[in-house]
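Structure first, commentary second.
The values are calculated or read from the model by the stated rules, or taken from the named source; none is laboratory data. Just so we're clear, the structure is a prediction, and the values are computed from it rather than from any experiment. Virtual Cβ from ideal backbone geometry, glycine too; neighbours counted across all protein chains shown.
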């Protein structure tokens, strides 16, 4: 922002001229003045005290006088301890409003010549998208829009996990219990249908496991347990995976199916292709409802072997090492981590192998400078290791890797579990928030004269705003609980509350008659107007920080504060009934608020309705 840069530059100049010292402009904090102090902008001068060897107050007055003399926008200043509080002129604020009300680039930065890839969603094809996926998808999509806004060329991708034992579980259950059921014959969405068979497999497996626990083999294993204090329930809960791999008939059948898939068995591959096709159609429909899309899809069935040659090359370069059994590892112990397997003794790959190959393939495909992985924080260590391996391999993009880790999403009723069928499907959740939006909007009775189709579109926009905003307003690193009913509260920190501010402005615009005058003719900017102007002025900085932090919540919470201050302004001051000078200024201010609300909500993937 030009004013911030001008203030920093003048402080650098004054420091050199008066003290003969050099400082970096970026070391000078400049931001909005806190509400309890007089002023618009505040310069923090504590970092300069040690360098200049003068008291904060003395430095403050020296720099305050210099800024007032050399920066035309500054009307006055006051010094409070280590802070210079600057008051800007009315002329500056009126010119800011006039310059930006029709500036469609306000909040955007020019192209920076760098390319960033964002991987998000990346679901498994054994179940539909659920609430946890929604947080992932919304974070990835919003970050892609924010990064594009600050000048990056953005490539949006996902890796679809379309192979493995979990997919075989769904296939086996359908094969045994499906009786030829299809999405067409059942009227069910394809991903929902396949997900039902994943749950069916788990149900049958649990029944098998419970029956086995009553037998002699299970009893003998329990009697031979090392920890004699361990209860029977705790022992068999911990033993479940081992049973699946060593004793279970269902587990053996699923493993055999996976082996057949890896050996390109025609029948298994045909079933796999058919069922995955059902799931892809279902995913596409959900993505369409969420308003997201991808530039390229990567499939695990293609990428699972990609890294093998690169790992073998790493052995030849002595980056990796081979153990006596033939397995290949990387030793990261000197970096505070441990040894990590990259290829099994039989030559088969692991997830890390796949991710190495996929990263290299993406660089070859797009020549990216940065790569962002949107993946739950359960995988923090995996990505720490992956990034270190790519750095050891001297990949040109290694320094531009980032793991956007996010916390899990719970419901008021507790944690979700896919295998037990206790997840909330994304489609069901979307239906719920739209239904809740319809209920709330219908009770307000503000949609008279609209067709049913027009009303449904408004309900959809309100519902999707409720869902998206409620999730994106939370810092990604925090675990959160999603409450559908609270998300549509018109008086809460919600998307519909922000939409309501925009709808108010649109309503005023519909009542406006004739052209408005020049906002520069207005004298005596009121406090609630100044509050809005200052917030609007800060918007580009808010977007930059959100991009730097990969955190849409900064924009989400900014928009709520802007809407809240707009509602206060709307109640405090007349707009259409004001005198000509005030009316022109406030109508113009209205429009810039509407522009920023629309632009900011779009960065969150949220559409605005004209009525509510």
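Candidates are the residues of the stretch 412-435 that are over 14 Å from residue 127 (Cβ atoms) and part of a loop (DSSP other than H, G, I, E, B); the one that is modelled with the highest pLDDT is 412.
Annotation: residue 550 fulfils all but one of (1) on the phi < 0 side of the Ramachandran plot; (2) in contact with a strand residue (DSSP E or B) (Cβ under 8 Å, 6 or more places away or on another chain); the unmet one is (1). Take residue 457 and tell me if it is within 24 Å of residue 484 (Cβ to Cβ), at pLDDT 95 or above and out of contact with any helix residue (DSSP H, G or I) (no Cβ under 6 Å at 6 or more places or on another chain). For residue 457, the condition - within 24 Å of residue 484 (Cβ to Cβ), at pLDDT 95 or above and out of contact with any helix residue (DSSP H, G or I) (no Cβ under 6 Å at 6 or more places or on another chain) - is met. Each residue in the stretch 498-524 was checked for being in contact with a helix residue (DSSP H, G or I) (Cβ under 9 Å, 6 or more places away or on another chain), part of a helix (DSSP H, G or I) and surrounded by 13 or more Cβ atoms within 10 Å (Cβ to Cβ), and 12 of them qualify.
Inside the stretch 360-383, residues that are without any contact (Cβ under 8 Å) to a residue 40 or more places away in the chain, within 22 Å of residue 147 (Cβ to Cβ) and in contact with a helix residue (DSSP H, G or I) (Cβ under 9 Å, 6 or more places away or on another chain) make up a count of 1.
Restricted to the stretch 337-352, and to residues there that are more than 21 Å from residue 163 (Cα to Cα) and touching a strand residue (DSSP E or B) at 6+ places or on another chain (Cβ under 8 Å), the residue that is surrounded by the fewest Cβ atoms within 10 Å (Cβ to Cβ) is 339.
Checking 205, 222 one by one, the residue that is free of Cβ contacts under 8 Å to residues at least 24 places away in the same chain and out of contact with any strand residue (DSSP E or B) (no Cβ under 9 Å at 6 or more places or on another chain) is 222 and no other. Listed by position, the helices (runs of 4 or more DSSP H) contained in the stretch 46-128 that have at least 2 residues being within 17 Å of residue 538 (Cβ to Cβ), touching a helix residue (DSSP H, G or I) at 6+ places or on another chain (Cβ under 6 Å) and modelled with pLDDT of 95 or more are 90-100. Would it be correct to say that residue 386 is within 19 Å of the chain's Cα centre (by Cα), under 25 Å from residue 141 (Cα atoms), crowded, with 17+ Cβ neighbours inside 10 Å and in contact (Cβ under 8 Å) with a residue 24 or more places away in the chain? No; evaluated as a whole, the condition is false for this residue. For the stretch 290-321, the set of residues classified as in a helix (DSSP H, G or I) and surrounded by 15 or more Cβ atoms within 10 Å (Cβ to Cβ) consists of 290, 300, 301, 302, 303, 308, 310, 311, 312, 314, 315, listed by residue number. Being free of Cβ contacts under 8 Å to residues at least 60 places away in the same chain, more than 24 Å from residue 97 (Cα to Cα) and crowded, with 23+ Cβ neighbours inside 10 Å is not true of residue 495.
Exactly one residue out of 448, 485, 443 is over 29 Å from residue 412 (Cβ atoms) and loosely packed, with under 15 Cβ neighbours inside 10 Å, and it is 448.
Yes or no: residue 574 part of a loop (DSSP other than H, G, I, E, B) and in contact with a helix residue (DSSP H, G or I) (Cβ under 6 Å, 6 or more places away or on another chain)?
Details: part of a loop (DSSP other than H, G, I, E, B): yes; in contact with a helix residue (DSSP H, G or I) (Cβ under 6 Å, 6 or more places away or on another chain): no.
Here the answer is no, as residue 574 does not meet what is asked.
What single numbered condition from (1) under 30 Å from residue 119 (Cα atoms); (2) touching a residue at least 24 places away in the same chain (Cβ under 8 Å) fails to hold for residue 549? It is condition (2) that residue 549 fails. Any residue that is touching a residue at least 12 places away in the same chain (Cβ under 8 Å) and either touching a strand residue (DSSP E or B) at 6+ places or on another chain (Cβ under 9 Å) or crowded, with 23+ Cβ neighbours inside 10 Å (or both) - is there at least one of those in the stretch 567-584? No, every residue in the stretch 567-584 fails to be touching a residue at least 12 places away in the same chain (Cβ under 8 Å) and either touching a strand residue (DSSP E or B) at 6+ places or on another chain (Cβ under 9 Å) or crowded, with 23+ Cβ neighbours inside 10 Å (or both).
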